[in-house]
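What follows is a single structure, written as structure tokens, with notes after it.
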Amino acid sequence: MTIRYEINPPKISNSTTEQIEKLEHRIEKISHFCDGIHVTESVLGIPRISPIVIARKIKHDNPKLKVTVSLRTIDKTIEQIHQVLKELIENKIDGVLILMGDPPVNNKPLSPLFPSKVTDELVKNGYKENIEIYLSVPNNPDFKKITKKISASPNGFVTQVIHNYEQADKIYNYLRPKGFDVIPCILFPSNNNSKSAEFLKLDWSNYKENFTEYVNQIHTLTDDILITSPNDFKGALDFFSGLNLD
């Protein structure tokens, strides 16, 4: 039974130190109410503090928390990816989500490495024995189009933000019998997150007024969820503090 919270490391700036301290304070608060923290990497291609730096600090301060990180392949070589995996394992990070990622804003040459190919190599090199490896899956996938991801044999899949219970149910009932864990990603509904919902073309009207029930229902199905709230930490913290999963 796992409930995770997603955090975005601060952008690189002149006030990075203060931003990290603020982030660490938030993590300390919310860690009392969740089982895991997922650290993203350079969302929308904007340079941010390395998720390894943040994840290492979280794991050191909260060794019982399940800590996972995103790893973009779009701006890395396979040698760099191997090095990142070794660092994650050395720091006892629990899992890594391999994804393509958005193009970097600094226009660096893009990598031809696809997440499924990277995962296949990592699994064959034995990394899965020391760290959980995840791939992403669309919220409404055509399963015929993700056969390479399935063949790569990750530990499981993290969904894009789901729009309703039916999407989680469809994904879980297809992938779980094949031996994969499924972690649905859910956007916390609030006015502060409305721009994110608009960007994702997400209609949360079917769960906004009964969010706790919605989360409980999905968690009962998958036993593992990831809640994201990019622009409303206080709202998410209040929700987590009152959450009582069945």
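Bear in mind these aren't lab numbers, they're just calculated from the coordinates by the rules spelled out. All values derive from a computational prediction rather than experimental measurement. Here Cβ is always computed from backbone atoms with ideal geometry, including for glycine, and neighbour counts include all displayed protein chains.
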Quick one: putting +1 on the C-beta of Lys and Arg, -1 on the C-beta of Asp and Glu, what dipole do you get for the chain around its Cα centre, in Debye to the nearest 20? 640 debye
On a full-extension model of 0.36 nm per residue, what is the gain between residue 82 and residue 170, subtracting their alpha-carbon distance, rounded to one decimal in nm? 28.4 nm
If r is the Cβ-Cβ distance from residue 125 to residue 178 and R0 is 22 Å, what FRET efficiency results, to the nearest 0.05? 0.50
Between 192, 141, 162, whose Cα lies farthest towards the positive end of the dipole of the range 112-200 when Lys and Arg beta carbons carry +1 and Asp and Glu beta carbons carry -1, centred on the Cα centre? 141
Just to be sure I understand: with springs between alpha-carbon atoms less than 10 Å apart, which residue in 175, 99, 88 has the highest mean-square fluctuation in the Gaussian network model of the chain? 175
Taking Lys and Arg as +1 and Asp and Glu as -1, residues besides residue 207 with C-beta under 13 Å from its C-beta add up to -3
Can you pick out the pairs among 22/86; 29/234; 11/117; 11/201 whose Cα atoms lie more than 21 Å from each other? 22/86; 11/117; 11/201
For the range 2-241, what proportion of DSSP beta bridges, expressed in % and rounded to the nearest 5, is antiparallel? 5 percent
From the phi angles alone, apply the Karplus equation (6.51, -1.76, 1.60; θ = phi - 60°) to the range 92-97 and give each ³J(HN,Hα) in whole Hz, x where the residue is Gly or Pro. 6, 6, 7, x, 9, 9
GNM top mover of 69, 39, 118 - the chain, alpha-carbon springs below 10 Å: 118
Computed [θ] at 222 nm, deg cm²/dmol, the chain (DSSP H ≥ 4; -39,500 (n - 2.57); rounded to nearest 500): -11000 deg cm²/dmol
Would you kindly give the portion of the calculated P(r) for the range 19-174 that falls above 23 Å, as a percent of all Cα pairs? 41 percent
